[in-house]
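The structure under discussion appears below in the form of structure tokens.
The values are calculated or read from the model by the stated rules, or taken from the named source; none is laboratory data. Remember, it's a predicted structure, so these values are computed and weren't measured experimentally. Here the Cβ positions follow ideal geometry from the backbone for every residue, glycine too, while neighbour counts run over all protein chains shown.
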Amino acid sequence: MIKESIYYHRSYRKESISRNSALIELVVLLLPVVAVFFMYPYITYYMGKITRFVLYRYFSAASTVQVIKSHFVFFDLYIVHMAAFYHTPMFYFVFFIVSFALLIMSLIIILNKASPIMLYVFYILSINAISATFFALVPLDFPYDINLFSDLYIKTEVAIWLVIPFVLAIALVPLRSNLFLKLLVTIATLLYSIAFSLVRYILFLYVLERFSYVFMASLFFAFGPLIDFIYIVGIYSYYLSAVSRKNINSDGKGQWLF
């Protein structure tokens, strides 16, 4: 049975594209990798300066907030160096009780009616519960500090900026659309990633300085690099939908399979 019309996506659609054209598009779409590779020291420098400026307004010990160098690949990048603190044992004990109470409540809700949002909430609360257990028992043995977190976060984000053009190039080359628009989608995704990384970086350091290290695991594993793939897929999906709607009544350059 041949499908006469399929809407919104490319299911069962075979796009015809020449190898030479695909190779040229691949090379062009990978050009942002070169730009990111040589510019990430400057990007992280200004990210650090902006972060320090924002945090300076909220902390009395803001003079200890510094922007320092850290080596990564072939060049130095810049991270924010600052001090955080440990709460009292009572704070960690209360956090432990609250974390497990919320975890049990979320589990009950999931058992009655599971949903993607509640499953993600359960995932976050599970990390919180594990972190709360550690800090309730041996808080001073926590092996990481805010500066190691800062260093790992910035290096992870730079790695993601370098990977984004590769992922989008592979996904965009087969699409029958304008090369300039494909490149624009890649650049827009990178710019969004840099802006989002900056805002998240400021919020992460604020939370860690204000509420101590107990939230570090939750911040990184629940709201860290995992979130980056959501907006990457989202931007690509939005563009793919627009291309599909435009080519829905194509003239045979693509073929429907069955």
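So here's what we get for this one:
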item: So TYR231, is it assigned to a helix (DSSP H, G or I) and surrounded by fewer than 15 Cβ atoms within 10 Å (Cβ to Cβ); result: yes
item: Residue count for the stretch 50-72, restricted to those that are free of Cβ contacts under 8 Å to residues at least 24 places away in the same chain and in contact with a Phe, Trp or Tyr (Cβ under 8 Å, 6 or more places away or on another chain); result: 5
item: Count of residues meeting criterion [among the aliphatic types (A, V, I, L, M) and in a loop (DSSP other than H, G, I, E, B)] in the stretch 117-170; result: 1
item: LEU55 modelled with pLDDT under 90 and either aromatic (Phe, Trp, Tyr) or surrounded by 15 or more Cβ atoms within 10 Å (Cβ to Cβ) (or both); result: yes
item: Test for PHE223: is it surrounded by fewer than 19 Cβ atoms within 10 Å (Cβ to Cβ), in contact with a Lys or Arg (Cβ under 9 Å, 6 or more places away or on another chain) and not basic (Lys, Arg); result: yes
item: Output for the stretch 69-92, where each listed residue is loosely packed, with under 15 Cβ neighbours inside 10 Å and within 23 Å of VAL207 (Cα to Cα); result: ALA83, PHE85, TYR86, THR88, PRO89, MET90
item: Some residue of the stretch 58-67 being of a type in the set (A, V, I, L, M, F, W, C) and either in contact with a Gly (Cβ under 9 Å, 6 or more places away or on another chain) or on the phi > 0 side of the Ramachandran plot (or both); result: yes
item: Filter result for the condition that a residue is buried (at least 19 other Cβ atoms within 10 Å of the Cβ) and assigned to a helix (DSSP H, G or I), over LEU175, LEU183; result: LEU183
